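One structure below.
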Amino acid sequence: MKDKILITGANGQLGSVLTKSLQKKYGIENVLATDIKFNAAFEGNFEFLDATDFNSIEYVIKEHDITEIYHMAAILSANGEKHPLRTWDINNKTFLNILEAARLNRVKKIFYPSSIAVYGTNAPKDLTPQDYFLKPTTVYGMSKASGEHWANYYFIRYGLDVRSLRYPGVIGHQTSPGGGTTDYAVDAYHYAVKNENFTCFLNETSSLPMIYMEDAIRATIELMEAPIEQIKTRTSYNIASMSFSPKELGQAISQIFPKFKMIYKPDFRQNIADSWPKSIDDNEARTDWNWKPKFNLETMTADMIKHLKEKYKTENA
Ligand code: SER
């Protein structure tokens, strides 16, 4: 029997790109995209699903004989600070529902996205070790850190095959991000391609770990396809790719758009960025399942700009 994949948060920044990759890889008929909002441009199987409701999740799993779940629904860091209690519900209640419904209905594998936000100001800023003590200071970081422990618990207690990555800031041309701290980098590219200057909400030296969408999606699928005996970290794997500051990003963009300028007006998101690592150590992911990024700041910038130029040309045609 073929695997049947359920994705929550399928309209999100990562969810929508992941859905397309999974459709391509496993067949459009074997992927069920779900979200609380519908996107008119979506192609494939879709159902509305509010993952805070356990019964709805269980119904969808049974109805579609789901065998794998990618639980992408979440509120990100900056929006999380505006609605702390709601964020806890959306990020944690939904994940517990997914874990429990999966366990009770013999779902084989689950993917859970975590984040560099699980680390707090106590952690070393450079090459933060995989197993460093987690003391996050944002509700988003707290929610992801506790989710990782629940993932580990369900694996130890019930043998549920839950796999997870700590994503750096994800940068892609396909979708607009919503409510994250690393999202300034995506916006900067859009402004540059529209020949506009960009006002950045972080200061020029705030270096953060980042990853290109293509690498992030590939890491996700490689982790999920790795033989079970290679998965030794059951909380969440650090994956690193590149790290840069807004100033370094601005310089990379200026290589292609020499007139592009970044203006700096840090706001509350500066505190969030200050609490996160500048770079993380992903040695476990490299060793256990051969993780290796392909893109760096320069190659990502060239690819982003190429795609965004096409996008704006098509939209303005
Ligand atoms: N991109 C996320 C955020 O900024 C970090 O995981 O919230």
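The values are calculated or read from the model by the stated rules, or taken from the named source; none is laboratory data. Computed from a prediction, not measured in an experiment: that's the story for all the values here. All Cβ positions, glycine included, derive from the backbone under ideal geometry; neighbour counts span all protein chains shown. Please note that ligands, DNA and RNA were not included when accessible areas were found on the heavy atoms of the full protein model with its side chains. Shrake-Rupley method; radii C 1.70, N 1.55, O 1.52, S 1.80 Å.
So what's the net charge close to residue 200: Lys and Arg +1, Asp and Glu -1, counting the other residues with Cβ under 14 Å from its Cβ?
Here the charged neighbours net out to -2.
Given 10 Å bins starting at zero, what is the percent of C-alpha pairs of the range 150-246 in each, up to the one with the largest pair distance?
14, 37, 27, 16, 6, 0
Using the reciprocal of the averaged 1/r over all distinct C-alpha pairs, how large is the Kirkwood radius of the range 45-116 in Å?
Radius from the Kirkwood sum: 12.8 Å.
Need the list of lysines near residue 309 for cross-linking: C-alpha distance under 29 angstrom, and skip anything on the same chain fewer than eight residues off.
List returned: 20, 24, 25, 37, 194, 247, 259, 261, 265, 292, 294.
So which aspartates and glutamates can residue 313 reach, going by Cα to Cα under 17 Å and dropping same-chain residues fewer than 8 places off?
Cα-Cα hits under 17 Å: 196, 303.
To the nearest µm²/s, what D does Stokes-Einstein give for the range 15-59 at 10 °C and 1.306 mPa s, using the Kirkwood radius over alpha carbon pairs as Rh? Please report the intermediate quantities before stating the final value.
Details: Rh = 11.2 Å.
The diffusion coefficient I find is 141 µm²/s.
How much FRET efficiency would the formula 1/(1 + (r/R0)^6) give for residue 228 and residue 24, where r is the Cβ-Cβ distance and R0 is 30 Å, rounded to 0.05?
Efficiency for this residue pair is about 0.80.
Let me know the charge dipole size of the chain about its Cα centre in debye, to the nearest 20, where only the beta-carbon of Lys, Arg (+1) and Asp, Glu (-1) is charged.
280 debye
Solvent-accessible area per residue for the range 158-279 at a 1.4 Å probe radius, Å²?
37 Å²
What ratio of Cα Rg to 2.2 N^0.38 Å holds for the range 199-277?
So the range 199-277 has a normalised radius of gyration of 1.44.
Given springs between every Cα pair under 10 Å in a Gaussian network model of the chain, which of 18, 223, 104 has the largest fluctuation?
Residue with maximal mean-square fluctuation among 18, 223, 104: 104.
Of 168, 150, 56, whose Cα points farthest to the positive end of the dipole of the chain (charges on the beta-carbon: +1 Lys, Arg; -1 Asp, Glu; origin at the Cα centre)?
Most positive-ward Cα: 168.
Can you tell which of 98, 111, 73 lies farthest toward the positive end of the dipole of the range 1-118, using +1 and -1 charges on the Cβ of basic and acidic side chains (Lys, Arg; Asp, Glu)?
Of 98, 111, 73, it is 111.
So what is the 222 nm mean residue ellipticity for the chain from helices alone, if each DSSP H run of at least 4 adds -39500 (n - 2.57) and you divide by all residues, rounding to the nearest 500 deg cm²/dmol?
Calculated from helices alone, the mean residue ellipticity at 222 nm is -12500 deg cm²/dmol.
Restrict the search to the range 241-317; then list the trypsin sites (Lys or Arg not before Pro) that DSSP places in a loop and that have at most 10 other Cβ atoms within 10 Å of their Cβ.
Numbers: sites: 247, 259, 261, 269, 278, 286, 294, 306, 309, 311, 313; in loops: 259, 261, 278, 294.
Loop-located and lightly packed - 259.
Using every pair of alpha-carbon atoms in the chain, split the distances into 20 Å bins beginning at 0 and state the percent of pairs per bin, rounded to integers.
33, 59, 8
Taking amide H positions as placed in the peptide plane 1.01 Å from N, state which residues far from residue 70 in sequence (5 or more) or on other chains have amide H under 5 Å from it.
6, 7, 8, 111
Using a 1.4 Å probe, how large is the accessible area of residue 29, given in Å² and rounded to the nearest 10?
Rounded to the nearest 10, that gives 110 Å².
I need the trypsin sites (Lys or Arg not before Pro) found in the range 1-67, filtered to DSSP loop residues with at most 15 other beta carbons within 10 Å of theirs.
Those that pass, being in a loop and sparsely packed, are 2, 37.
Calculate the spin-label point distance for residue 221 paired with residue 152, positioning each point 7 Å from the Cα along the beta-carbon direction, and give it in nanometres.
3.0 nm
Using only protein heavy atoms and a 1.4 Å probe, report how much of residue 95 is accessible, in Å² to the nearest 10.
0 Å²
Carbon-plus-sulfur fraction of the accessible area of the chain, 1.4 Å probe, in percent?
Working: 7290 of 14300 Å².
Roughly 51 percent, rounded to a whole number.
Work out the length of the dipole vector of the range 86-240 about its Cα centre, built from +1 on the beta-carbon of each Lys and Arg and -1 on the beta-carbon of each Asp and Glu, and round it to the nearest 20 debye.
Charge dipole of the range 86-240: 680 debye, to the nearest 20.
Suppose we keep just the alpha-carbon trace of the range 1-150; what are its Rg and Dmax in angstrom?
Considering the range 1-150 through its Cα atoms, Rg and Dmax are 16.0, 48 Å.
Given a Förster radius of 45 Å and the C-beta distance between residue 259 and residue 108 as r, what FRET efficiency does 1/(1 + (r/R0)^6) yield to the nearest 0.05?
That pair, residue 259 with residue 108, gives E of 0.30.
What does the charge add up to near residue 277, with Lys and Arg as +1, Asp and Glu as -1, over the other residues with Cβ less than 13 Å from its Cβ?
Residues close to residue 277 contribute a combined charge of 0.
Mind checking the full-extension length gain between residue 270 and residue 194? Use 0.36 nm per residue of separation minus the Cα-Cα distance, one decimal, nm.
24.8 nm
Name the residue, out of 168, 124, 136, whose mean-square fluctuation peaks in a Gaussian network model built on the chain with Cα pairs under 10 Å.
Residue with maximal mean-square fluctuation among 168, 124, 136: 124.
Residues of the range 97-142: accessible area per residue at 1.4 Å, in Å²?
Roughly 42 Å² per residue, with all protein chains present.
Give me the Å³ per residue figure for the convex hull around the C-alpha atoms of the range 1-82.
Working: hull volume 7.7 nm³, N = 82.
Taking only Cα atoms, the range 1-82 has a hull volume of 94 Å³ per residue.
Could you give P(r) for the range 83-239, binned at 10 Å from zero, as whole percent values over all Cα-Cα pairs?
Going out from 0 Å in 10 Å bins, the range 83-239 shows 10, 35, 36, 15, 4, 0 percent.
Solvent-accessible area of residue 133, probe 1.4 Å, all protein chains present, reported in Å² to the nearest ten, please.
Here the accessible area works out near 140 Å².
Could you run the Karplus curve 6.51 cos²θ - 1.76 cosθ + 1.60 with θ = phi - 60° over the range 216-221 and give me ³J(HN,Hα) per residue in whole Hz, x for Gly and Pro?
5, 5, 4, 4, 4, 6
Post the alpha-carbon centroid distance, the range 10-43 to the range 167-244, in whole angstrom.
With the range 10-43 and the range 167-244 each reduced to a Cα centre, they are spaced 19 Å.
Would you work out the charge dipole size for the range 69-154 about its Cα centre, treating the Cβ of every Lys and Arg as +1 and the Cβ of every Asp and Glu as -1, and quote it to the nearest 20 debye?
Computed about the Cα centre, the dipole is about 280 debye.
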